[in-house]
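Undergrad: Have a look at this one before I ask anything.
The values are calculated or read from the model by the stated rules, or taken from the named source; none is laboratory data. For clarity, every value in this text was computed on a predicted model and none was experimentally measured. Every residue, glycine as well, gets a Cβ built from its backbone with ideal geometry; the counts of neighbours run over all protein chains shown.
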Amino acid sequence: MPEPAQARLTIDLDALAHNHAVLKREAAGAEVAPVVKSDGYGLGAGPLARRLWAEGARSFFVARLGEGEALRAELGPDRPATIHVLDGLTTGAAPRFDAAGLTPVICSLPQAAAASVWARQSGRRWPVALHVDTGMNRQGLSAEETRALAQAPDGLRGLEVALVMSHLGSASEPTDVRSAEQLERFRQILPLFPDSRASLAASAGVFLGEPYRFDMVRPGVSLYGGGPLERPDERLQAVATLTAPILDIRNLRPGDRLGYGSGVTVDRPTRIGVVGAGYADGVIRAARRNGYAWFAGERRPLLIVTMDLLAIELGDAPAQVGEAVELLGPNALLDDQAAAAGTVAHEVLVRLSRRAERVYLGGA
Ligand SMILES: *Cc1c(COP(=O)(O)O)cnc(C)c1O
């Protein structure tokens, strides 16, 4: 039972393990390397990664150097995972990469040069990954830069390119031709690195089929329950469940206004539940009107979302103050809430705040 007035975020590591198994099956032999950037999409990179390690994961991805250092500490000496840092070798960071045993994902020519200098100074071969941009135009070496780097006599001296990777921009829209174009460009790059492993797919790409899987896939959001097509997927389970108690039940009359300013004006008698959670707990304000909560076995429209309180329409549901309402979880679906707020599941997850009390189920 949640304490009165206390929102609760439950993070179900058994559901995470289930989703990992689904992705593993779909990956059909390719290594599943979980992406736990931004503190595991806001759910806690340490607990997630320890459970994923127990499920067999041995390589992880984070975005920032600091996230990599924190993850190394969370995994500890007994779990010597390969931790890739997507930002790559930022200026002056090489000693920190070494100290924490992190693998930079090199994404520019200056980064490659700096990595090579560092490796030669320290007198050993340094395993790195290489990010090649195949059409997302966000991060990575261009095809021309990659070719020049691979063919320059000293370009990669001291480095062992353990992994060549790229990232798909439109994998969640299976009819978009960009994925096939990116796949083709990626294939043209790979012969330059005959000894390297290859990775192209994130969550959505895993489901595009065998040609996209290569040696390793890098799912994030689908491990945490987000559907690969940005809509609910029955194969995946909710990892994050946000509940909060009903604090008050009110009856509004036609013409009554609810909440701030241009909020809601009801046009019929409306019974509402005022719930003890708001956007400070991660319920995105833009989800009002289109989003819903789950209570007493049904979807209940989300009428307003303020910082600490929100209101749902109760209809004639039996309801009592103190009862818990599900705002995100197995019934208030992540992808539905994202769509209602005009965003993606990734953003809904990372916005879950530290204010809600956190409970982990199924720790490793
Ligand atoms: C974030 C990210 C991923 C994971 O993406 P999901 O859509 O969450 O599966 C994989 N690869 C790269 C390069 C990323 O930036």
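Undergrad: Looking only at the stretch 80-105, count every residue that is within 22 Å of P219 (Cβ to Cβ) and of a type in the set (A, V, I, L, M, F, W, C) and tell me the total. Break it down into steps so the answer makes sense when it comes.
TA: So in the stretch 80-105, the residues within 22 Å of P219 (Cβ to Cβ) come out as 80-88, 102-105.
Filter again for of a type in the set (A, V, I, L, M, F, W, C), leaving 81, 83, 85-86, 102, 105.
The number of residues fulfilling the criteria is 6.
Undergrad: Can you tell me how many residues within the stretch 177-219 are touching a Pro at 6+ places or on another chain (Cβ under 7 Å) and either within 11 Å of the ligand (Cβ to nearest atom) or not in a loop (DSSP other than H, G, I, E, B) (or both)?
TA: Total meeting the criteria: 7.
Undergrad: Please find, among R178, R197, the residue that is touching a Gly at 6+ places or on another chain (Cβ under 9 Å), surrounded by fewer than 24 Cβ atoms within 10 Å (Cβ to Cβ) and more than 16 Å from V35 (Cβ to Cβ).
TA: Unique residue meeting the criteria: R178.
Undergrad: Shifting gears a bit: Under the condition of being among the aliphatic types (A, V, I, L, M) and assigned to a helix (DSSP H, G or I), which residue from the stretch 71-105 is farthest from the ligand (Cβ to nearest atom)?
TA: Out of the qualifying residues, it is A99.
Undergrad: Then there is this: Could you tell me whether the stretch 40-52 includes any residue that is over 21 Å from L141 (Cα atoms), among the basic types (K, R), more than 15 Å from the ligand (Cβ to nearest atom) and over 18 Å from the mean Cα position of the chain (by Cα)?
TA: no
Undergrad: Same structure again: Scanning for something at pLDDT 95 or above and closer than 23 Å to A15 by Cα, does the stretch 308-318 turn up at least one residue?
TA: No - not one qualifying residue is present in the stretch 308-318.
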